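Asker: Handing you a structure now.
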Amino acid sequence: MKRRDLLTALGPYSLVVLADQLPPAQETPSNIEAIQRQFDRLSPPSARRYSASDRKLREIPLQTDFLVAGGGLAGVCAAIAAARHGAKVILIQDRSRLGGNSSSEVKMHVCGSHAIPGWRETGIVEELRIEDAVRNPQRSFEIWDLLLYDKVISEPNITLLMDSTLYAAKRNGDRIEEVLVRSDRAETNYRIQAKYFCDATGDCRLGLEAGAEMRTGRESKEEFGESLAIDKGDDETLGSSILFTSRLYRRPMPFVAPKWARKVTKETLRTRAIREWDYGYWWIAWGGNKDIIHDNERIRFELLSIVLGVWDYIKNSGDHPESSHWAMDWIGFLPGKRGSRRMVGDHILTQHDLIRGDIEDAVAIGGWPMDDHPPGGFDRSDLKPNVAVRFQEAYNIPFRSLYSRNISNLFMAGRNISCSHVAFTSTRVMATCGTAAQAAGTAAAMCLERGITPRELGRKHIAKLQQSLLRDDQTIKLRRNEDPLDLARKAKVTASQEDPTTPAASILDGCLRDIPRKKEYELHRWSTRLDKDGAWIELTWDKPQKIRHLQLTFDTALGRRLMLSASASVTTGQVRAPQPETVRDYRIQYRKPGAADLTELAAIKGNYERLRRHSFDPIETQSLRIHIDATNGDDFARLFEVRCYA
């Protein structure tokens, strides 16, 4: 029988089976049955115990390795990362959908290091972006919600609790032992014990309940010596926003504002430009000088009042007659928060760290500008809506900013990581939150495996954490693959064709991406034009190797913007489909010791992902070839890395 790939999965993991080594058929539960069992765990038929605090609510005890509170993009990435590394995870979300500010409830762009030309996050954030571009070309935020839900419930190690609010935590010394979570929709109280916890709530709700050290507001220049800090510190922060979308119709569409809408004039908007109105506006912000958490209802009202006032101005002022056939078709009701509380870790990230760009325990990158907003937001029409100080290249985020200084088993992920206000104005955006969260989730799994605290992991095993993240396609600036278990690093590389600027040996230089420099890219890929027979690259060892895992990193055009947006102008230039540069069809072939001919191990068609992993029964080989037959549209085959493991 021919050997072939028996499973081409939607996710980044594939199973390759040698056809003549198939085990006997046996009954295995389907994916849907495994998911259904998770729900049975949350509502067991035999549950008869009721909560002491409310006798109408059932009480369900649960245990897990890692509990993540908060199902925004950061919480999703932390949960997926930990689960893929073997940890049992419970993910708590207080809304009916995942994604936080990126969800259909808020519809904010997933911003990050793409603000610097040539940069974009990799790892799980890139996996989600690519999946969205392929599965959601129509740019629907509701489909984005569904994509995140699919990713989470499809991980067998994750139990998802939605519409559930964490409201208490119990400690033993400096460790959290248990949290209480309430779901009024399910009329259930969950009492959840875990070995490690992660606060990805944005507002530090878990940290607050556990007594974690935290800070709010803006520091003075004197505290950290930051040139962008204010002279005298205060408790103010960036305001929240409510967004809207609109569409063009075939007939005039009138608009009558409610009586409580703001009266907006040209003078009100003198520092805020209106160039389009299909999606807007980030500069409609309010509440940074209020209590951003406890004044939530007032903030919602004021933001709705401003949004409707701005739309009334667009439609009825006479300054935008071309808006006559446009009508608002969605308005958010959940204020998208920027700032509130921040946890304190072993390191407080500051402006100096971001400008320096590197730090010894680096685990993730950022690159959004230091983008501060006046706390008064829209009410301060005399001020620009933001002041942004841009970076020339991405910076690294340290692991010591991702765990609590005084709670020994608590991580944080998202806009609440340990940083000054000035640094926060950059690290707060969701792609940066997601990539830092991947580091936190991976670290939690490593702590679990070793039975140690995050602090101990950082002091004794930071190099292993960095190498594990690199293996999972996480970008860490100035760090390269040095994995001693990667057999590919011992091989010699040849190819069907080579270009001097992108030689075959590039796939073993340890760098997972091309690096943008001031005038051009520092290239780290093998690239060659495809001919009628495709193109191939081959690894050869001096002596036979036993291999059972193969990992390939393809090109998804990290230099091109890719994000879900309701704005036509933001979407211009994006490819809402498989990225043309990505290899689509390829074959994996190997040569048995002493054999002259290659044997086909797998044939993959329809790939669009950047990271592909293949596992198979062990093979003994002296050479391994990747034969590329087609891309998703580009004329060149491109490959960044090949890894092989026993």
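Asker: Looking only at the stretch 349-358, which residues are open to solvent by 30 Å² or more (accessible area, probe 1.4 Å) and under 22 Å from the mean Cα position of the chain (by Cα)?
Answerer: Residue satisfying the conditions is D358 alone.
Asker: Tell me, please, whether a residue that is open to solvent by 40 Å² or more (accessible area, probe 1.4 Å), modelled with pLDDT of 95 or more and within 30 Å of R459 (Cα to Cα) can be found in the stretch 304-318.
Answerer: Checking the stretch 304-318: not a single residue is open to solvent by 40 Å² or more (accessible area, probe 1.4 Å), modelled with pLDDT of 95 or more and within 30 Å of R459 (Cα to Cα).
Asker: Right, next: Given the conditions (1) among the acidic types (D, E); (2) open to solvent by 30 Å² or more (accessible area, probe 1.4 Å); (3) farther than 20 Å from N416 by Cβ, which single one is not true for D132?
Answerer: (2)
Asker: Right, next: Please go through the stretch 483-501 and give me each residue that is under 32 Å from the mean Cα position of the chain (by Cα), farther than 11 Å from T540 by Cα and of a type in the set (D, E, K, R), ordered by number.
Answerer: D483, D486
Asker: From the list K518, K543, pick out the single residue that is part of a loop (DSSP other than H, G, I, E, B) and surrounded by fewer than 21 Cβ atoms within 10 Å (Cβ to Cβ).
Answerer: K518
Asker: In the stretch 421-463, how many residues are outside any helix (DSSP H, G or I) and either buried (at least 24 other Cβ atoms within 10 Å of the Cβ) or without any contact (Cβ under 8 Å) to a residue 12 or more places away in the chain (or both)? Quick ask: steps written out before the conclusion?
Answerer: So the first thing to find is which residues in the stretch 421-463 are outside any helix (DSSP H, G or I), and the list is 428-429, 451-453, 461.
When the remaining residues are screened for being either buried (at least 24 other Cβ atoms within 10 Å of the Cβ) or without any contact (Cβ under 8 Å) to a residue 12 or more places away in the chain (or both), the result is 428-429, 451-452.
Selection size over the stretch 421-463: 4.
Asker: Of L238, L228, which residue is open to solvent by 50 Å² or more (accessible area, probe 1.4 Å) and more than 30 Å from S51 (Cβ to Cβ)?
Answerer: Being open to solvent by 50 Å² or more (accessible area, probe 1.4 Å) and more than 30 Å from S51 (Cβ to Cβ) holds for just one of L238, L228, which is L228.
Asker: Okay, moving on. Quick one: how many residues across the stretch 588-634 are open to solvent by 30 Å² or more (accessible area, probe 1.4 Å), closer than 17 Å to W526 by Cβ and under 30 Å from the mean Cα position of the chain (by Cα)?
Answerer: Within the stretch 588-634, residues that are open to solvent by 30 Å² or more (accessible area, probe 1.4 Å), closer than 17 Å to W526 by Cβ and under 30 Å from the mean Cα position of the chain (by Cα) number 1.
Asker: Could you list, in sequence order, the residues of the stretch 72-106 that are open to solvent by 20 Å² or more (accessible area, probe 1.4 Å) and part of a loop (DSSP other than H, G, I, E, B)?
Answerer: H85, G86, K88, D94, R95, S96, R97, E105
Asker: Looking at the stretch 151-173, I want the residues that are in contact (Cβ under 8 Å) with a residue 12 or more places away in the chain and farther than 21 Å from A212 by Cβ and have a partner that is part of a strand (DSSP E or B) and among the small types (G, A, S) with Cβ atoms under 9 Å, at least 6 apart or on another chain. Which pairs are those?
Answerer: L161/S183; M162/S183; D163/S183
Asker: Within the stretch 243-252, is even one residue surrounded by fewer than 17 Cβ atoms within 10 Å (Cβ to Cβ) and free of Cβ contacts under 8 Å to residues at least 60 places away in the same chain?
Answerer: No, the stretch 243-252 contains no residue that is surrounded by fewer than 17 Cβ atoms within 10 Å (Cβ to Cβ) and free of Cβ contacts under 8 Å to residues at least 60 places away in the same chain.
Asker: Within the stretch 327-336, is even one residue of a type in the set (D, E, K, R), touching a Ser or Thr at 6+ places or on another chain (Cβ under 8 Å) and surrounded by fewer than 19 Cβ atoms within 10 Å (Cβ to Cβ)? Quick ask: steps written out before the conclusion?
Answerer: Pass one, the stretch 327-336, residues of a type in the set (D, E, K, R): 329.
Those still in the list that are touching a Ser or Thr at 6+ places or on another chain (Cβ under 8 Å) too: 329.
Next, from what is left, pick out any that are surrounded by fewer than 19 Cβ atoms within 10 Å (Cβ to Cβ): 329.
Yes, the stretch 327-336 contains a residue that is of a type in the set (D, E, K, R), touching a Ser or Thr at 6+ places or on another chain (Cβ under 8 Å) and surrounded by fewer than 19 Cβ atoms within 10 Å (Cβ to Cβ).
Asker: Then there's this: When you scan the stretch 210-260, how many residues do you find that are farther than 23 Å from D199 by Cβ and in a loop (DSSP other than H, G, I, E, B)?
Answerer: So the count comes out to 22.
Asker: Only one of these conditions is not met by N406: (1) touching a Phe, Trp or Tyr at 6+ places or on another chain (Cβ under 8 Å); (2) under 30 Å from D65 (Cα atoms). Which number is it?
Answerer: For N406, the exception is condition (1).
Asker: Report the residue count in the stretch 412-425 for those that are in contact with a Gly (Cβ under 8 Å, 6 or more places away or on another chain) and either more than 11 Å from T350 (Cβ to Cβ) or of a type in the set (F, W, Y) (or both).
Answerer: Looking only at the stretch 412-425, we keep the residues that are in contact with a Gly (Cβ under 8 Å, 6 or more places away or on another chain), and these are 412-418, 421, 424.
Add one more test, that the residue is either more than 11 Å from T350 (Cβ to Cβ) or of a type in the set (F, W, Y) (or both), and what stays is 412-417, 424.
The qualifying residues number 7.
Residues are listed down the side, and each one gets a yes or a no for (1) without any contact (Cβ under 8 Å) to a residue 40 or more places away in the chain; (2) not in a helix (DSSP H, G or I):
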| residue | (1), (2) |
| --- | --- |
| S468 | no, no |
| R479 | no, yes |
| P484 | yes, yes |
| S506 | no, no |
| L512 | no, yes |
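Asker: Is it the case that S567 is open to solvent by less than 40 Å² (accessible area, probe 1.4 Å), on the phi < 0 side of the Ramachandran plot, out of contact with any Leu (no Cβ under 8 Å at 6 or more places or on another chain) and small (G, A, S)?
Answerer: Here the answer is yes, as S567 does meet what is asked.
Asker: Looking at L485, L478, can you tell me which residue is in contact with a strand residue (DSSP E or B) (Cβ under 7 Å, 6 or more places away or on another chain) and surrounded by fewer than 24 Cβ atoms within 10 Å (Cβ to Cβ)?
Answerer: Just one listed residue meets the conditions, L485.
Asker: Tally the residues that are closer than 30 Å to E600 by Cα and out of contact with any helix residue (DSSP H, G or I) (no Cβ under 9 Å at 6 or more places or on another chain), restricting the search to the stretch 566-587.
Answerer: 7
Asker: Among the residues of the stretch 38-71, count how many are open to solvent by less than 20 Å² (accessible area, probe 1.4 Å), within 23 Å of F411 (Cβ to Cβ) and not in a loop (DSSP other than H, G, I, E, B).
Answerer: Number of matching residues: 6.
Asker: I'd like the residue in the stretch 255-264 that is farther than 11 Å from W311 by Cα and in contact with a helix residue (DSSP H, G or I) (Cβ under 9 Å, 6 or more places away or on another chain) and, out of all such residues, is least open to solvent (accessible area, probe 1.4 Å).
Answerer: Among them, the one singled out is P258.
Asker: Could you list all residues from the stretch 275-295 that are open to solvent by less than 30 Å² (accessible area, probe 1.4 Å) and in a loop (DSSP other than H, G, I, E, B)?
Answerer: Scanning the stretch 275-295 gives W277, D278, Y281, W283, I284, G287, G288, I292.
Asker: Let me ask another. Exactly one condition in (1) free of Cβ contacts under 8 Å to residues at least 24 places away in the same chain; (2) of a type in the set (D, E, K, R); (3) buried (at least 24 other Cβ atoms within 10 Å of the Cβ) is not met by E121; state its number.
Answerer: If we test E121 against (1) free of Cβ contacts under 8 Å to residues at least 24 places away in the same chain; (2) of a type in the set (D, E, K, R); (3) buried (at least 24 other Cβ atoms within 10 Å of the Cβ), just (1) comes out false.
The values are calculated or read from the model by the stated rules, or taken from the named source; none is laboratory data. Bear in mind that the values here come from a model prediction, so they are computed numbers and not experimental data. Glycine gets a Cβ as well: all are built from the backbone with ideal geometry, and neighbour counts include every protein chain shown. For the accessible areas, the whole protein counts, side chains as well, though only heavy atoms, and no ligand, DNA or RNA atoms are used. Shrake-Rupley method; radii C 1.70, N 1.55, O 1.52, S 1.80 Å.
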